[in-house]
Amino acid sequence: MDTSLLKKLSLSLLALAFASTPLWSHAQQNARLASQVVDDHAEHIFYGSGAMGMALVVVDNNQQVFRSFGETRPGSDLRPREDSVVRIASLTKLITSEVLVKMAQQGKVSINDPLRKYAPAGARVPAYSGTNPITLLNLATHTSGLPREQPGGVANRAVFTWPTKSDRWSWLSVAKLTVPPGARASYSNLAFDLLSDALSKAANQPYTQLLRDQITQPLGMVDTTLTPNASQCSRLMEGLRPSPCINTIAAAGSGGLYSTPADMGRWMRQFLGQRTATADMAQKMYYKRTDLVSLKGMDVPGMADSLGMGWVTMAPTPLLPRIIQKTGGGGGFITYVAMVPQRGVGVFVVVTRSELTKFKNMSDGVNDLVADLVRNNEI
């Protein structure tokens with residue numbers, strides 16, 4: 001065969017082979033590791049937050065990344081570790097809602113059950129009308145009509161220690177609802193503590209045992225607890241105005257949980273990748289903002305578009321994907337979890353407060369990280 005003809009034939013075959021190769025295989029070669037994307041953002045998030053210490057856990061499909069900065073305690077010169085103990089504060093509400101979901105799946109409760117069904121003997125639950133009672137779903141979506149906090153309490157008390165179960169049910173017996181449940185959304189710690197009481201009553205178990213059976217033991221969350229032991233207390237990070245390391249059963253439903261970055265990584269994974277029916281129900285959105293008369297207390301990391309059981313969804317913007325998130329804070333800690341479940345991306349961050357700490361600086365940085373991880377996955 002003529003040499004020039006052979007060369008032309010070879011080049012034609014090469015061009016045909018290249019053209020038939022899927023474009024994504026070339027693009028995938030340009031996708032970066034999750035750790036590389038995280039390292040573009042992590043230090044900026046820490047310094048922008050003004051925190052004393054920070055721990056960050058990122059799940060990106062089959063990749064998991066941990067990063068930390070600052071100190072576990074002022075003057076310790078020790079970086080936070082994956083087993084450093086933290087207060088997850090209001091992220092506790094997500095786990096309370098998960099207990100509700102699992103018990104509903106097991107037929108032990110219905111999310112539309114009225115709270116009064118699980119009230120202690122002799123206790124009264126206020127209702128706006130006889131046909132519109134407070135339901136478990138109202139409690140879990142901040143639409144119960146109850147206040148953010150129970151009025152009263154001693155000033156400068158340890159965090160997550162008041163009101164006790166007895167305190168809140170005594171107060172509830174004389175409380176009045178001024179708005180119908182389901183009409184307005186207003187952030188309520190009190191509602192979630194009543195929810196944990198109701199779940200405990202329905203299960204006929206102490207809530208600590210219920211939490212262990214339904215959540216921490218199945219997921220292998222070895223340091224997530226309301227009753228920290230001496231070893232866990234010795235690993236507790238500290239920030240501005242720390243609170244004593246004691247049992248926080250009083251706020252079991254709303255904010256009392258201690259955990260670690262390692263445990264929170266384990267917990268996040270169930271919502272990402274191969275999701276379970278529990279994850280789908282736990283992150284379901286029940287109220288659009290436009291369906292409510294008003295929405296208060298859930299716009300800090302970005303405007304809330306819809307509300308689920310603890311979870312809040314933010315609508316996509318030109319710079320950010322649709323993000324499902326939850327904020328928390330208390331006892332010297334600020335926490336945030338942000339996910340794009342359909343892309344397998346989730347971020348948990350905890351910082352210890354200083355006088356300079358700004359939540360929005362931290363959450364904006366995390367939202368940018370989430371967006372960058374999603375873009376990287378789409379390359």
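The values are calculated or read from the model by the stated rules, or taken from the named source; none is laboratory data. Predicted, not measured: the structure shown is a model, and the values here were computed from it. Positions of Cβ are generated from backbone atoms using ideal geometry, with glycine treated the same way; all protein chains shown enter the neighbour counts. In case anyone asks, the SASA skips ligands and DNA or RNA and just uses the protein heavy atoms, side chains included. Shrake-Rupley method; radii C 1.70, N 1.55, O 1.52, S 1.80 Å.
Assorted remarks:
- Multiplying each eigenvalue of the alpha-carbon gyration tensor of the chain by 5 and taking the square root yields semi-axes of 43, 25, 18 Å, largest first, rounded to whole angstroms.
- Each eigenvalue of the Cα gyration tensor of segment 86-141, multiplied by 5 and square-rooted, gives one semi-axis; in descending order these are 23, 14, 11 Å.
- A 1.4 Å probe run over the protein chains yields, for segment 309-379, 33 Å² of accessible area per residue, whole-number rounding.
- When peptides 248-257, 115-124, 80-89, 152-161 are ranked by their average number of other Cβ atoms within 10 Å per residue, the highest-first order is 248-257, 80-89, 115-124, 152-161.
- Accessible area of segment 105-163 belonging to carbon and sulfur atoms, whole % at 1.4 Å probe: 50
- Principal-axis tilt of helix 189-203 within the chain, Cα atoms, nearest 10 degrees: 80
- Cα shape, segment 246-294, gyration tensor, a/c 1.5 rule: oblate
- Karplus-derived HN-Hα couplings along segment 173-179 (A = 6.51, B = -1.76, C = 1.60, θ = phi - 60°), whole Hz, x at Gly and Pro: 5, 10, 7, 10, 8, 9, 9
- Student exercise, the chain dipole from Lys, Arg, Asp, Glu Cβ charges, in Debye to nearest 20: 920
- Highest average packing first - 351-357, 168-174, 51-57, 125-131, Cβ atoms within 10 Å: 51-57, 351-357, 168-174, 125-131
- Centroid-to-centroid separation of segment 276-311 and segment 334-366 [C-alpha atoms, Å]: 17
- Per-residue ellipticity at 222 nm from helix content only, as computed over the chain with -39500 (n - 2.57) for each DSSP H run of at least four residues, stands at -10000 deg cm²/dmol.
- Whole-number percent relative contact order across segment 193-252, with pairs defined as alpha carbons under 8 Å at least 6 apart: 36
- Considering segment 312-359, its Cα convex hull presents a mean projected area of 4.0 nm².
- Projected over all directions and averaged, the alpha-carbon convex hull of segment 119-169 occupies 4.5 nm².
- Spatial offset of segment 32-66 relative to segment 81-106 amounts to 22 Å, using the alpha carbon center of each.
- q = 0.10 Å⁻¹: log10 I(q)/I(0) that the Debye formula gives for segment 234-324, counting C-alpha atoms only: -0.40
- Solvent exposure, largest accessible area first (probe 1.4 Å, DNA, RNA and ligands not counted), of 364, 197: 364, 197
- Classification of segment 90-182 by its C-alpha gyration tensor yields an oblate form. The axis ratio a/c (a ≥ b ≥ c) is 1.5 or more, and b/c is at least a/b.
- Length-normalised contact order for segment 167-323 - Cα pairs under 8 Å, 6+ apart - percent: 23
- Cα-based reach from residue 93 at 26 Å (exclusive), listing lysines while leaving out same-chain residues under 8 positions away: 102, 108, 117, 165, 176, 201, 284, 288, 296, 326, 358, 360
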